[in-house]
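First comes the structure, then the notes that go with it.
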Amino acid sequence: MITRKLDGAALVPALPKGTIDTQMHMYLAGFPAREGGPGLPPAPLPDAGAYRRVMRWLGIDRVVITQGNAHQNDNGNLLACLREMGDVARGVAVISGATPEAELARLDQAGVVGARIMDLPGGAQGLSALEAVDARAAEMGWMLAVQFDGNRLLDLEPRLKMLKSRWVLDHHGKFFAGAGADETSALKRLIDGGRMWYKFAGAYESSRRGGPDFADVAVYAREIAAHAPERIVWGTNWPHNAARTTDAYPCDKALCETALGWLPDLAARQRVLVDNPQELYGFAPIG
């Protein structure tokens with residue numbers, strides 16, 4: 001069992017109307033973990049009711065639910081979550097190059113707008129499937145969420161430049177060994193190529209300095225924010241599946257305020273939290 005913090009003091013400054021959380025997972029009862037994945041998060045399941053409390057606490061209005069590794073290639077839980085959350089939610093699913101067209105159409109109709117590549121332990125589709133999944137996503141008009149050890153970025157840059165879909169590099173790039181000038185230059189080149197977005201989420205997953213400031217991640221996050229605020233999206237990374245105990249569970253308010261503090265100004269916050277994810281994930285503008 002784990003106690004997750006779901007309520008607290010309001011954020012300062014408040015998030016703008018229409019804020020979209022683009023990186024989180026949700027788990028409903030009745031969908032067991034699949035072989036090859038990391039297993040379900042600790043009980044109680046972080047379900048729609050729990051996440052709605054986090055939305056109210058932080059001021060989140062809309063959400064992108066990403067298929068969790070626990071369910072591997074079975075998108076059943078994701079589809080159930082999209083039904084539960086309704087029109088405020090979109091989904092990023094796991095597909096392969098062999099996924100039937102009828103299944104892609106079913107996912108699309110349910111609110112799926114993207115496909116996931118996760119080339120780290122427990123991921124269902126890794127970089128070996130990158131081009132095949134990209135081709136299917138491009139046919140559907142979907143985006144790609146791509147995650148790997150960022151210190152492979154320079155070697156992977158030629159492949160990433162050739163992607164047909166719009167795609168987002170997850171989790172600040174996950175530079176487990178740190179990012180220097182070569183890596184940040186590669187990030188800028190890919191962003192400037194016109195198809196890549198960069199996601200602020202889960203700095204704790206790759207920071208070697210640790211919290212609360214994650215100073216090593218902050219260096220290159222600030223540089224990318226200054227270079228292209230129009231190409232950044234943000235996510236909570238809720239429910240922080242790496243935390244297996246109550247004591248290790250982070251405060252979403254603190255994480256949010258820290259990461260958004262790396263943006264240069266309030267105009268950039270509006271772009272990152274509302275305008276950019278609306279464009280990338282296909283949400284209607286807030287009236």
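The values are calculated or read from the model by the stated rules, or taken from the named source; none is laboratory data. Note that the coordinates shown come from a computational prediction; the quantities given were computed from them, not determined experimentally. Here the Cβ is made from the backbone with ideal geometry for all residues, glycine too, and neighbour counts use every protein chain on show.
Which number in (1) in a loop (DSSP other than H, G, I, E, B); (2) within 27 Å of Glu139 (Cβ to Cβ) marks the one condition that Arg189 misses?
Only one criterion is unmet by Arg189, namely (1).
If you check Leu79 against the conditions, is it out of contact with any Asp or Glu (no Cβ under 8 Å at 6 or more places or on another chain) and either at positive phi or assigned to a loop (DSSP other than H, G, I, E, B) (or both)?
no
Give the residues of region 237-248 that are part of a loop (DSSP other than H, G, I, E, B), surrounded by 13 or more Cβ atoms within 10 Å (Cβ to Cβ) and over 8 Å from the mean Cα position of the chain (by Cα), sorted by residue number.
Pro239, His240, Asn241, Ala242, Ala243
Six or more apart or on different chains, Cβ under 8 Å: which pairs go from a residue in region 229-246 that's closer than 14 Å to Val274 by Cβ to one that's at pLDDT 95 or above and small (Gly, Ala, Ser)? Could you list them?
Listed by first residue and then by second, the contacts come to Pro229/Ala267; Pro229/Ala268; Ile232/Ala225; Ile232/Ala268; Trp234/Ala201; Trp234/Ala259; Gly235/Ala201; Gly235/Gly202.
Which of the residues spanning region 19-46 are in contact with a strand residue (DSSP E or B) (Cβ under 8 Å, 6 or more places away or on another chain) and not charged (D, E, K, R)?
Within region 19-46, Thr19, Ile20, Thr22, Gln23, Met24, His25, Met26, Pro46 qualify.
I'd like to verify a number: residues in region 83-99 that are buried (at least 18 other Cβ atoms within 10 Å of the Cβ) and either of a type in the set (Ser, Thr, Tyr) or assigned to a loop (DSSP other than H, G, I, E, B) (or both), how many?
3
State yes or no: is Lys199 of a type in the set (D, E, K, R) and either buried (at least 18 other Cβ atoms within 10 Å of the Cβ) or part of a strand (DSSP E or B) (or both)?
The answer is yes for Lys199.
Being assigned to a strand (DSSP E or B) and either more than 17 Å from Gly76 (Cα to Cα) or touching an Asp or Glu at 6+ places or on another chain (Cβ under 9 Å) (or both) is the filter here; which residues of region 1-46 pass it?
Scanning region 1-46 gives Ile20, Asp21, Thr22, Gln23.
Among the candidates Lys164, Lys188, which residue alone is surrounded by fewer than 22 Cβ atoms within 10 Å (Cβ to Cβ), more than 22 Å from Val64 (Cα to Cα) and either touching a residue at least 12 places away in the same chain (Cβ under 8 Å) or in contact with a strand residue (DSSP E or B) (Cβ under 9 Å, 6 or more places away or on another chain) (or both)? So that I can check it myself, show each step before the final result.
Working: Lys164 fails: more than 22 Å from Val64 (Cα to Cα).
After ruling out the rest, the residue left standing is Lys188.
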